[in-house]
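Once you've had a glance at the structure underneath, I'll fire off some questions.
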Amino acid sequence: LPTPTTRPLLSLSFSTPSFPPASRIQFRHRREESITSSPKKFKSKMKFGSVALLSLVVASGGVVASAFTTPAPSFAGGAATKSSAVGPLSVASQEVEVNGDGVVASVADGVANGKRKRTKQERLEAASRGLQVHVVGLSIHHADVEVREKLAVPESDWNAASASICESGEVAEAAVLSTCNRFEVYYAATDARRAMAAVTKYLSDRSGLPVSTLRRNLFMLSGDDAVWHLMRVSGGLDSLVVGEGQILSQVRQCHLHSIEEDGSGGKVLSRMLNQAVAAGKRVRSETAISKGSVSISSAAVELAEMMCQDDLNLPFSEARLTAVGAGKMTRLLINHLTGRGLKKITVCNRSMARPLELQEQFPDVEIEVKLMDDLWDVVGRSDIVFTATSCEDYVIDERLLEENGLAGGRPLMLVDISVPRNIAEDCKVIENVSAYNVDDLKAVVARNTALRQKEMIEAETLLREESSAFVSWREALDAVPT
């Protein structure tokens, strides 16, 4: 080999190399600098930062080393063996072959045993890959009941629906909230785009609606916006009837289902739902948002009372009432009717157990119990019929009314407070039949919202505190020590 006194053995610069790829070695540095060295002693004073390309210019008979540190490389003949440590990467012994023209022919690199220390950029990227919360769904504010009922999921199937959403692997955690006024999927994922595609596909498959139709009705929120939405839902601010208490119970059930053995709510989602329940309780205890508030059942009673004279030509106190179904909505319905002096009502149900429970709960009200086999006899002698069943098919439609001789006869009011709907839309075209569903309650409750504006402002202040508490907790999960 030529001696270093006659010509430089090794010239290093940070320019684009013109040599074969075997002589190109990536290096980390913060500033450009040139180095000339001999094989006797070499100490690298490179500082590590952004990625650059270190090109090695090999002098006649010279040897290229991929990185430099003390001790220096030792040379023997046409090959050199070196041991080096490049920034955070430890490199084992390497055999470097040099051909007669002084150009590197081959480089065999090996990474030494031991875990490589991550760079600052990599640590930041790892932090950003934490689970982020999202919500997609539709509510009475965004979609008609015709669309909402196609996605409605009974509470007993919430966990099964959540598990189906997580099957693709794009969604890490999921929880379904389905009520008469909304259908929402809360989920956590690392890749928002892929997760959204997976959830949208599930909704399309379940409803039978094309994605293009769904997107016109769906709302999609991510991050802090998704958290804020859930807080408002739990606080009753996003309800059709502002301050109604039933939604808080439903959010609580969503949380409880998510942490069950077959639930799909993990660490992040279950914490968010639990925080929302606490926020809803706090709003109702520290503000007057729920004072005098009404539920959907109460709004239905108010609507029937308001329209009774126009549709039936008789006062509400004289109308004969029937409730189809004996669940929670019917119980709330009877509770509000008693406040208006209700003395008698007929309850029609598939079984006797729940109607008998209602009789025990309301001893001052004369509750006549009938099975569904007697439905049309009961409807025939009623003035107002409220429907609140979990049946996914129509209980009353135009064909059934005509078959039972109830079309075009004396006036009849049908009030449907269930989703999916129990009363078909075609009932509205029948003469002397007035049919209403949950979407028709908007006008009834608009005035209630106006009366609660002050309470809403106070409630939002409390909800923002709870929302910030969760966001801070979630961000702490991504914190990486430096």
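Every number in this text was worked out from the coordinates using simple rules, so none of it is lab data. It should be emphasised that the depicted structure is a prediction, and the values quoted were computed from it without experimental measurement. We place every Cβ from the backbone using ideal geometry, glycine too, and count neighbours over all the protein chains shown.
Taking amide H atoms as placed 1.01 Å from N in the peptide plane, list the residues 5 or more away in sequence, or in a different chain, whose amide H sits under 5 Å from that of Glu368.
Ile345, Thr346, Val347
Going by average Cβ density within 10 Å per residue, which order do the peptides 361-373, 165-177, 248-260 take, highest to lowest?
The packing order, highest mean first, is 165-177, 248-260, 361-373.
Per the Kirkwood definition applied to all pairs of different Cα atoms, how many angstroms is the hydrodynamic radius of region 296-443?
Hydrodynamic radius (Kirkwood, Cα only) of region 296-443 equals 15.1 Å.
In nm, to one decimal, how far is the modelled label at Lys344 from the one at Arg399, with both set 7 Å along Cα→Cβ?
Each label point is offset 7 Å from its Cα along the Cβ direction, giving 3.5 nm.
Let me ask you something else. Name the residue from Met413, Asn432, Gln361 whose Cα lies farthest towards the positive end of the charge dipole of region 296-443, charges +1 on Cβ of Lys and Arg and -1 on Cβ of Asp and Glu.
Result: Gln361.
Moving on. Check Asn437: other-chain or 5+ apart residues with amide H under 5 Å from its amide H, H built from backbone geometry?
Result for Asn437 returns Asp416.
Across region 149-162, in residue order, what do the Karplus-derived ³J(HN,Hα) couplings come to in whole Hz, using 6.51 cos²θ - 1.76 cosθ + 1.60 with θ = phi - 60° and x for Gly and Pro?
Using θ = phi - 60°, the values come out as 5, 6, 9, 4, 10, x, 4, 5, 10, 4, 5, 5, 5, 5 Hz.
A further question follows. Given the pairs Lys281/Lys454; Lys291/Lys442; Lys150/Lys428; Lys344/Lys370; Lys370/Lys428, which span a C-alpha to C-alpha distance of over 23 angstrom in this model?
Those over the limit are Lys370/Lys428.
Using a Förster distance of 41 angstrom, determine the FRET efficiency expected from the C-beta separation of Glu465 and Asn313, and round it to 0.05. Walk me through the numbers on the way to the answer.
On the way: r = 52 Å, r/R0 = 1.28.
That gives a FRET efficiency of 0.20.
For region 378-388, in order, what is each residue's ³J(HN,Hα) by Karplus, 6.51 cos²θ - 1.76 cosθ + 1.60 with θ = phi - 60°, in whole Hz (x at glycine and Pro)?
Per residue, the Karplus-derived 3J(HN,Hα) values read 5, 4, x, 10, 10, 9, 10, 10, 9, 10, 8 Hz.
Still on this structure, please answer the following. Taking θ = phi - 60°, what integer Hz values does the Karplus form 6.51 cos²θ - 1.76 cosθ + 1.60 yield along region 175-186, in sequence order, with x for Gly and Pro?
So the J values, rounded to whole Hz, are 8, 9, 10, 10, 10, 5, 10, 7, 9, 9, 10, 9.
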